[in-house]
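The values are calculated or read from the model by the stated rules, or taken from the named source; none is laboratory data. Quick caveat: nothing in here was measured; it's all calculated off a predicted structure. Cβ sites come from the backbone with ideal geometry, for glycine too, and all protein chains shown count toward neighbours. We work out accessible area using only protein heavy atoms, side chains counted, and drop any ligands, DNA or RNA first. Shrake-Rupley method; radii C 1.70, N 1.55, O 1.52, S 1.80 Å.
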Amino acid sequence: MPEINIRDALQMGHHEALENDPDVLIMGEDIGAYGGAYSVTAGLLDEFGPERVRDTPISEAAFVGAGIGAAVGGLKPIVEYMNLNFALLAFDQMINIGASLRYMSGGQVSVPIVYRAPTGGGIQLAATHSRSYENWLAAIPGMKVVAPSTPADALGLLRSSLLDPDPVLMVEHVLMYQQKGFVPDEHFIVPIGLADIKRPGSDLTIVSYHHAMVTAMEVADKLAARDVSAEVIDLRTLRPLDMPTVITSVKKTNRVLLLEENLKTGGIMGEIAAQIQENAFDFLDGPVVRVGAEDVPHPYNRGLEQSMIPSADKAIAAVSAAYGI
Amino acid sequence: MQAEAIDISFKTELLSLYQQMYLIREFEERSGEMYTRGHIRGFLHLYSGQEAIAVGAISTLEDRDYVVTHYRDHGHALARGMDPKHAMAELFGKATGSSKGKGGSMHLFQASRNFYGGHAIVAGHLPLAAGLALAARYKNTGGVALVFLGDGSVNEGEFHETMNLAAVWNLPLVFLLENNLYGMGTAVGRAHARGGDFDMAGAPYGIACAVVDGMDVLAVREVARAAIEKTRAGNGPAYIEAKTFRFRGHSLADPVNYRSHEEEMEWRKKDPISLLGDRLLQQDLTTELELLEIRETQDDVVREAIRFAEESPEPTEDELFTDIYA
Ligand SMILES: Cc1ncc(C[n+]2csc(CCOP(=O)(O)OP(=O)(O)O)c2C)c(N)n1
Ligand SMILES: [Mg+2]
């Protein structure tokens, strides 16, 4: 298969799911006739019809909750949010119902639903449209959260999410839909809960995910020019976290940079930093380095927004300050 | 003598409505160009076609009244008296913008004029308006709150919750629904149980309902005036549906392939600005020349606003950290 982008990979994944399983249906705002805010579902309404590709009213709590109900009733819904920021209207459904039913029912009830949502800043949509709440949902037992940064991971994780008996949220960074990469021709899946070493190295571990992976690779390139060999781990799944991959790498490199685009306070990297010091404290040459977005609402102005989001240079400066490299 | 004075002030008022609607149209169309040229980014939602609603309704308000709207907000901001320079500079993300470049097109605010946004989460602004109405009544200011909303917001829970709360608390709140027949790419009939009939949307809550031709600024003004007077007098919330059409796409990123060119052309025949202009001409209240002068003056105002925005400085980096807390 030639290189394709993340949008195309997701579109393929939806197409194949609709084709292979009559219980799969897709719902969301403007996903049908309009083709989706980011065109992920383009063309699907024409091919599969309105019973299976369902445009919804602007009623997040209702259609997300109905998706959960449909999943309990034996269907396999994929519910698209136009943007993860709008999921706030349906957090009650996702958390108090979707993520809790199995436990509250003592294991009687399954909720095999897939939520998908564009997220992330960087395109000047200001405070209400740019935040990333995947870390909040990754704090909820009963949820699974995946965040692909390549087309192959997007397709492989979508397939795994559809096979999963529990609610899975896939977040898609708005700046990455055009990101290209190779996708294997033969059938494959990417298991939920498995991180990926996107670049092996020996002197520093960089842990990242989503669009911050682009920055992480840039950091690794720039450090390579200084003869520092960085190992870059793409988490890919935020819950459950693949800590063994992270800990093994940190024990090898003795240094770690945790890099995310999400707000630093309360970000997923705070949790990972804590687990590293619990499990690999004696292996560290210095403090865990954590770089995230500035703790402010997203500004509209381009320059301000860019200085809010962490850059490779800022991350390198933090690494140098901590480890003298 | 007195009759003549009334006539003149009436005429001035009508020309002012014309002037405000034309200002908004010109502001919107030039903003669209500035977006295409990359001066404005993010999402840009134009109000072209709907001018009669903001202008007609806001013209009946007093200074002490509150105005709240959604993200298609330039028209409401300008009608409430925001300086076009500050609005345009905000669209450009400049330090001189109404929110210092931090909010952008979807989040215009001018607290000094009781204009409380500019909100980009569909229906998220409705409870805020109810709270402002509560504050006005609690403090006995005599003020009311006027909240504009899109047809899409009727499908959110916040719409129904706010209607109910406003009715239960008898708040001085007027809901003005701008039914432009589409919520993004979805025709109202495809998303609403009553097929996009919003005329009685307040009825389940015992809220008085009115319907008005949203292309006719004078009709909007009359209906809005009646609703506002009624709510100001302590009779509780009111609801108005204004029937209208957005001449442009949902945002500048919208290819508009969900509705026909013919539909747009039919609505453009009812252009609210020409409608008022023609009526004033027919009644000999103005001349072609006078209208032309108004338009040319407003063209200059918008040109000046763009120049101001272009020449204004970017916010300094420390602005990233200001305005989060007092
Ligand atoms: C809670 C929420 N869901 C979805 C969106 C995305 N969205 C923005 S505008 C819009 C359509 C709203 O249509 P309408 O209320 O009719 O207002 P109009 O744009 O026609 O003025 C949608 C779906 C949003 N901003 N907030
Ligand atoms: Mg609408």
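About the Cα centre, and with charges only on the beta carbon of Lys, Arg (+1) and Asp, Glu (-1), how big is the dipole of segment A:103-258? Nearest 20 debye, please.
300
Keeping all protein chains in the complex and leaving out DNA, RNA and ligands, what accessible area do you get for B:Lys139 with a 1.4 Å probe, in Å² to the nearest 10?
150
Could you list the residues of segment A:151-187 with an amide nitrogen less than 17 Å from a label point located 7 Å from the Cα of A:Glu16 in the Cα-to-C-beta direction?
What the label zone holds, given the 17 Å backbone N cut-off, is A:151-164, A:181-187.
Using θ = phi - 60° and the Karplus form 6.51 cos²θ - 1.76 cosθ + 1.60, what ³J(HN,Hα) does each residue of segment A:157-162 get, whole Hz, x for Gly and Pro?
6, 5, 4, 5, 4, 6
For the protein assembly as shown, take every pair of Cα atoms, bin their distances at 10 Å starting from 0, and report each bin as a whole percent.
Calculated P(r), rounded to whole percents: 3, 15, 23, 24, 18, 10, 5, 1, 0, 0.
Would you work out the charge dipole size for segment A:3-182 about its Cα centre, treating the Cβ of every Lys and Arg as +1 and the Cβ of every Asp and Glu as -1, and quote it to the nearest 20 debye?
440
Is there a pair in B:Lys100/B:Lys270; A:Lys264/B:Lys94; B:Lys139/B:Lys243; B:Lys102/B:Lys139; B:Lys139/B:Lys230 whose C-alpha atoms are over 25 Å apart, and which pairs would that be?
Long pairs (Cα-Cα over 25 Å): B:Lys100/B:Lys270; A:Lys264/B:Lys94; B:Lys139/B:Lys243; B:Lys102/B:Lys139.
Per residue, how much accessible area does the protein assembly as shown show when a 1.4 Å probe rolls over the protein heavy atoms, in square angstrom?
39
With θ set to phi - 60° and the Karplus curve 6.51 cos²θ - 1.76 cosθ + 1.60, what are the ³J(HN,Hα) couplings of segment B:236-246 in order, to the nearest whole Hz, using x for Gly and Pro?
x, x, 9, 9, 10, 9, 10, 8, 8, 7, 8
What residues of segment B:12-54 lose no less than 30 Å² of accessible area with every protein chain in place versus their chain by itself (probe 1.4 Å, heavy atoms only)?
B:Arg41, B:Gly42, B:Phe43
If you count only protein heavy atoms and use a 1.4 Å probe, how large is the accessible surface of A:Thr205, to the nearest 10 Å²?
Its accessible surface works out to 0 Å², give or take rounding.
Probe radius 1.4 Å, ligands and nucleic acids left out: which of B:Val147, B:Val211 has the largest accessible area, and how do the rest follow?
The residues order as B:Val211, B:Val147, largest area first.
Distance between the C-alpha centers of segment B:252-326 and segment B:71-110? Whole Å please.
13
Do any GluC sites (Glu not before Pro) in segment B:61-166 lie in a DSSP loop with no more than 15 other beta carbon atoms within 10 Å, and if so, which?
Those that pass, being in a loop and sparsely packed, are B:Glu62.
Taking Cα atoms of chain B, Rg/Rh with Kirkwood Rh, to two decimals?
Here Rg/Rh amounts to 0.96.
How much mean residue ellipticity at 222 nm does chain A get from its helices, if each DSSP H run of length 4 or more adds -39500 (n - 2.57) and you divide by all residues, to the nearest 500 deg cm²/dmol?
Rounded to the nearest 500, the figure is -10000 deg cm²/dmol.
What total accessible area, in Å², is buried where chains A and B meet, using a 1.4 Å probe and rounding to the nearest 100?
2700
Largest first, how would A:Thr128, B:Thr186 line up by accessible area (1.4 Å probe)?
Per-residue accessible area, sorted high to low, gives A:Thr128, B:Thr186.
I'd like to know which of B:Leu78, B:Leu61, B:Phe92 lies farthest towards the positive end of the charge dipole of segment B:25-109, counting +1 on Cβ of Lys and Arg and -1 on Cβ of Asp and Glu.
Ranked along the dipole, the leading option is B:Phe92.
Name the residue farthest towards the positive end of the dipole of chain B from the options B:Leu108, B:Pro255, B:Met265, assuming +1 on Cβ of Lys and Arg, -1 on Cβ of Asp and Glu, about the Cα centre.
Sorting the options by dipole projection puts first B:Leu108.
So, in nm, how far is label A:Leu194 from label A:Gln277 when the simple model puts each one 7 Å beyond its Cα toward the Cβ?
Here the answer is 3.2 nm between the modelled labels.
Pull out a ≥ b ≥ c, the square roots of the eigenvalues of the alpha-carbon gyration tensor of segment B:13-117, then state rounded if a/c is under 1.5, prolate if not and a/b is larger than b/c, and oblate in the remaining case.
Oblate.
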